[in-house]
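Novice: Take this structure, written in C-alpha cells, and hold onto it; I'll ask about it next.
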Amino acid sequence: MNDERDTDDRRTDRKRVLGEEWTDWDGTGDADASAGKRPFLLLSLVILIGLILLGLLFWYLVLPRFEAFGGPWPIVLTVLVFAAALLLLCWYLLLLAALRSRAVYTGICLTRGANLFFFLLPVALRFAAPFGLSRDRLSHSFIRVSNQLVRGGIGDGPVLTLLPRCLRKDLLLETRRICGEYEDVAVHTAPGGSIARKIIKETRPRAIVAVACERDLVSGIQDIAPVIPVIGLPNTRPAGPCKDTEIDLDELRSALDFFTDRP
C-alpha cells in the first residue's frame with residue numbers, strides 16, 4: 001500500500017509545472033546539492049592536467065615528422081606546446097590567487113577573452129559521475145567559485161534580485177521585505193531563464209543577485225557574468241524541484257550588502 005502511495009505521489013509531482021532545466025526530472029535528485037569550491041577546483045585541475053598530457057603526447061608523436069622537415073619547425077612546435085602547457089598552469093594559479101584575494105586576477109579569470117573558466121564547467125560535468133559527483137553538486141561548486149570572483153557592479157542601474165516562482169510563500173514575502181530595506185534594489189520573479197534574460201534587458205542592472213536552482217544559475221552565469229556581475233544563490237528543494245523551494249536569507253543579505261557597499 002505504501003509503495004502504491006509513493007508511486008502516486010511521484011506521478012503527482014511530475015504533473016507540477018517544471019522549470020526549463022527540469023523537464024527530464026524523474027522524481028529523484030538531491031534536495032540539497034550544497035558543495036564547497038573544492039570539487040570544481042579539483043576536477044578542473046584534473047582536466048587541465050589531462051589537456052597538458054594530451055598536448056605532450058601530440059608533441060611526442062609529431063616531433064619526428066617536424067624534424068624530418070628540418071629548419072626551425074621542431075623548435076617552434078616545442079615552444080608552442082610547452083608555452084600552452086605553462087599558460088594553462090599559470091591561469092589555474094591565477095584563479096586560485098583570485099579566490100584568495102579578489103585582486104586584479106579576477107578580470108583575467110572571468111572575461112570572455114579568457115573563456116577557459118566557462119569552458120571548464122561543461123567538460124567537468126561530463127567527468128563528474130566517475131568522481132561520485134552529481135550534476136547539481138558540481139554546478140553548486142562552480143557557482144561558489146564564480147561568486148568568489150565577483151566584483152562590485154559599475155553603472156547607474158539598480159541591483160536586480162531575481163527570485164524563482166517556486167520559492168516557499170513565506171520565504172518569498174520575507175525576501176521581498178529584505179530587498180525593500182535597500183534603496184537601489186529591484187525585485188522581480190522569473191519563472192525561467194528566458195524571462196529572466198528579458199527582465200535583465202529591460203532593467204539594465206549594474207549587478208544581479210539571482211536565486212534559483214543550480215541548473216538555471218549555471219546557465220545564467222555563463223551568459224551574463226562576463227558582462228554583469230552575478231551572485232548566484234542556489235535554493236534547496238525539500239519537496240523536489242520547482243515546488244516550495246528554500247533559500248538562506250543570511251546569504252541573500254550578504255550578497256545585497258556586497259553590491260550596495262554596506263559594511
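Novice: Computed FRET efficiency, Cβ-Cβ of residue 89 and residue 61, R0 25 Å: what is it to the nearest 0.05?
Specialist: Values: r = 22 Å, r/R0 = 0.88.
Result of the calculation: an efficiency of 0.70.
Novice: Can you pull out the chymotrypsin sites (Phe, Trp or Tyr not before Pro) in segment 123-195 that DSSP calls coil and that have at most 11 other Cβ atoms within 10 Å?
Specialist: On the way: sites: 127, 131, 142, 182; in loops: 127, 182.
Listed in order of number, the matching sites amount to none.
Novice: Another question about this same structure. Any idea what diffusion coefficient segment 140-200 gets from Stokes-Einstein, in µm²/s, Kirkwood Rh on alpha carbon pairs, 10 °C, 1.306 mPa s? Walk me through the intermediate numbers first.
Specialist: Numbers: Rh = 13.3 Å.
After rounding, the answer is 120 µm²/s.
Novice: Using 7 Å Cα-to-Cβ label points, what is the residue 186/residue 249 separation (nm, one decimal)?
Specialist: Reported label-point gap for residue 186 and residue 249 is 2.6 nm.
Novice: Considering every pair of different Cα atoms, what Kirkwood radius, in Å, is found for segment 129-263?
Specialist: 14.9 Å
Novice: A further question follows. How high is the FRET efficiency between residue 178 and residue 199 when r is their beta carbon distance and R₀ equals 22 Å, given to the nearest 0.05? If you can, show how the numbers build up before the last one.
Specialist: Numbers: r = 19 Å, r/R0 = 0.87.
It comes out at approximately 0.70.
Novice: While we're looking at this one, here's another question. Return the carbon/sulfur percentage of the accessible area of segment 138-192, one whole number, probe 1.4 Å, all protein chains in place.
Specialist: Values: 1210 of 2370 Å².
The computed percentage sits at 51.
Novice: Find the all-direction average of the projected area of the Cα convex hull for segment 173-243, expressing the result in square nanometres with one decimal place.
Specialist: Working: hull surface 20.0 nm².
Answer in nm², one decimal: 5.0.
The values are calculated or read from the model by the stated rules, or taken from the named source; none is laboratory data. What you see is a predicted model, and the numbers here were worked out from it, not measured in a lab. Using ideal geometry, Cβ is built from the backbone for each residue, glycine included, and neighbour counts are taken over all protein chains shown. Accessible surface is based on the protein model in full, side chains and every heavy atom, while ligands, DNA and RNA are left aside. Shrake-Rupley method; radii C 1.70, N 1.55, O 1.52, S 1.80 Å.
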